[in-house]
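Q: I'd like to ask you about the structure that follows.
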Amino acid sequence: MKNVAVVGATGAVGQELLSLLEARNFPVGRLLPLASSRSAGSTVSFRGERLMVQEATPEAFAGMDLVFFAATGLLSRELAPAAARAGAVVIDKSSTWRMDPEVPLVVPEVNPEDLRRHKGIIASPNCTTIGLVMALKPLHDLARITRVIVTTMQAVSGTGKEAIEELEQQVRAWTEGHRGELPHTVYKRQIAFNVLPYAETFTENLYTTEEMKLSAETRKIMGLPDLPVTMTCTRVPVFVGHSESVLVEFERKVTPAEAREALSRFPGVRVVDDPLQFVFPTAIDAAGTDDTLVGRIREDLTNEKGLWLWIVSDNLRKGAATNAVQIAEKLLEMQLI
Ligand code: 2RA
């Protein structure tokens, strides 16, 4: 049995983590829910018990074997090293450590061997990256990928609970007759009945932090430091489930049939693709599941060595909590904890 702490236990991803640890029968001895001082004192449910959430401090990690960080990057930067020094293995879902060369960035189905080089902290990738590499890995094993072009359509739950509430409030206001731009505080513009051409924050090169994460993290996980990945990340009025329109270019022609076969054989990927029968995956299909769903697989009309894909996955589950728990399960399997 392992003593497990969850930092950020009261947040959207933290709550998913607790329910997944229970549902997947992870061998938890003691479960310690932790949070910032703001949330300490509340309670969370685990295995039928209400547990008091304690404040996350360096001292709180004593005796822990495994610490999940499902909190802000600031808290992770401040406390993850302390948790590792206390002897725990840290699995962090924030972006803080993902590009640190000393920290493995892992999707267990894609690059499990990278876990062997961890030095106490392991990073779980951004939700958009996880969905993308789950499809790219089997395709790259089939034929060398030479370029990837991505447009994401990201659910508001990726921003957090406040964004979910904002979308609900805007829809309610509209149905109650409010017209014109609806009040918004989380995003720079109204999200209901709209599409925002950005996610997170803009940087000097006019790309967003979300877009820069997607390209850098994909190259790191795939072990392809020079792979051209170019992208636009958008926000859409969907509660849960990120969708991605992806053009993959290869060194040789890959037929849709070859791609479907390779994808369907890959663990954690489900091909949902028969458009003439209106069979394709949508965010609603992915919400609440752990699979990465792939459809709309078709040859690019302008490049015979290109294939279009439509990828959807639950950004709170496989995109965050499930991937983190799967990393922990893989660590157990590899006897690394
Ligand atoms: C988002 N991927 O969707 C980012 C962080 N969860 O907002």
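The values are calculated or read from the model by the stated rules, or taken from the named source; none is laboratory data. Remember, predicted model here, so these are calculated numbers, not experimental data. Positions of Cβ are generated from backbone atoms using ideal geometry, with glycine treated the same way; all protein chains shown enter the neighbour counts. Areas reflect the complete protein model, heavy atoms only, side chains present, ligands, DNA and RNA absent. Shrake-Rupley method; radii C 1.70, N 1.55, O 1.52, S 1.80 Å.
Residue by residue, here is whether (1) under 20 Å from Ala199 (Cβ atoms); (2) crowded, with 17+ Cβ neighbours inside 10 Å; (3) modelled with pLDDT of 95 or more holds:
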{"residue": "Gly63", "(1), (2), (3)": "no, no, yes"}
{"residue": "Val67", "(1), (2), (3)": "no, yes, yes"}
{"residue": "Ala71", "(1), (2), (3)": "yes, yes, no"}
{"residue": "Arg85", "(1), (2), (3)": "no, no, yes"}
{"residue": "Val106", "(1), (2), (3)": "no, yes, yes"}
{"residue": "Ile122", "(1), (2), (3)": "no, yes, yes"}
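Q: A follow-up question, please. Are any of the residues in the stretch 195-209 out of contact with any His (no Cβ under 7 Å at 6 or more places or on another chain), surrounded by 22 or more Cβ atoms within 10 Å (Cβ to Cβ) and not in a loop (DSSP other than H, G, I, E, B)? Steps first, answer last, please.
A: So in the stretch 195-209, the residues out of contact with any His (no Cβ under 7 Å at 6 or more places or on another chain) come out as 195-209.
Restricting the remaining residues to those that are surrounded by 22 or more Cβ atoms within 10 Å (Cβ to Cβ) gives 199.
Checking the rest, the ones that are also not in a loop (DSSP other than H, G, I, E, B) come to none.
Checked against the condition, which is being out of contact with any His (no Cβ under 7 Å at 6 or more places or on another chain), surrounded by 22 or more Cβ atoms within 10 Å (Cβ to Cβ) and not in a loop (DSSP other than H, G, I, E, B), the stretch 195-209 yields no hits at all.
Q: Same structure, new question: Among the residues of the stretch 81-115, how many are outside any loop (DSSP other than H, G, I, E, B) and within 17 Å of Val325 (Cα to Cα)? Outline the logic, then answer.
A: Pass one, the stretch 81-115, residues outside any loop (DSSP other than H, G, I, E, B): 81-85, 89-92, 105, 112-115.
Pick out the ones that are also within 17 Å of Val325 (Cα to Cα) and you get 89-92, 105, 112-115.
Residues in the stretch 81-115 being outside any loop (DSSP other than H, G, I, E, B) and within 17 Å of Val325 (Cα to Cα): 9 in total.
Q: For the stretch 292-321, enumerate the residues that are within 23 Å of Glu210 (Cβ to Cβ) and in a loop (DSSP other than H, G, I, E, B). Don't jump to the end; show me each part of the working.
A: Looking only at the stretch 292-321, we keep the residues that are within 23 Å of Glu210 (Cβ to Cβ), and these are 292-294, 296, 308-321.
Passing the criteria: Asp314, Asn315, Leu316.
Q: Being open to solvent by 20 Å² or more (accessible area, probe 1.4 Å), in a loop (DSSP other than H, G, I, E, B) and either in contact with a Gly (Cβ under 9 Å, 6 or more places away or on another chain) or at negative phi (or both) is the filter here; which residues of the stretch 154-186 pass it?
A: Passing the criteria: Thr159, Glu176, His178, Arg179, Glu181, Pro183, His184, Thr185, Val186.
Q: I need the full set of residues from the stretch 127-145 which are within 16 Å of the ligand (Cβ to nearest atom) and open to solvent by 10 Å² or more (accessible area, probe 1.4 Å), in order please.
A: Of the stretch 127-145, the ones within 16 Å of the ligand (Cβ to nearest atom) are 127-134.
Once the filter is applied, which keeps residues that are within 16 Å of the ligand (Cβ to nearest atom) and open to solvent by 10 Å² or more (accessible area, probe 1.4 Å), the stretch 127-145 yields only Cys127.
Q: Under the condition of being among the basic types (Lys, Arg) and in contact (Cβ under 8 Å) with a residue 12 or more places away in the chain, which residue from the stretch 147-202 is farthest from the ligand (Cβ to nearest atom)? Steps first, please.
A: Within the stretch 147-202, the first condition is being among the basic types (Lys, Arg), and the residues that meet it are 147, 161, 172, 179, 188-189.
Next, only the ones that are in contact (Cβ under 8 Å) with a residue 12 or more places away in the chain stay: 147, 161.
Working: Arg147: 22, Lys161: 12 Å.
Looking at the filtered set, the residue picked out is Arg147.
Q: Need the failing condition index for Thr234 against (1) within 16 Å of the ligand (Cβ to nearest atom); (2) more than 30 Å from Ile122 (Cβ to Cβ), just the number.
A: Among (1) within 16 Å of the ligand (Cβ to nearest atom); (2) more than 30 Å from Ile122 (Cβ to Cβ), the lone unmet condition for Thr234 is (2).
Q: Of these, Leu276, Leu301, Leu309, which one is modelled with pLDDT of 95 or more and within 23 Å of the chain's Cα centre (by Cα)? Don't jump to the end; show me each part of the working.
A: Numbers: Leu276 fails: within 23 Å of the chain's Cα centre (by Cα); Leu301 fails: within 23 Å of the chain's Cα centre (by Cα).
The conditions single out Leu309.
Q: Is one or more of the residues making up the stretch 250-269 open to solvent by 50 Å² or more (accessible area, probe 1.4 Å), in a loop (DSSP other than H, G, I, E, B) and within 16 Å of the ligand (Cβ to nearest atom)?
A: No.
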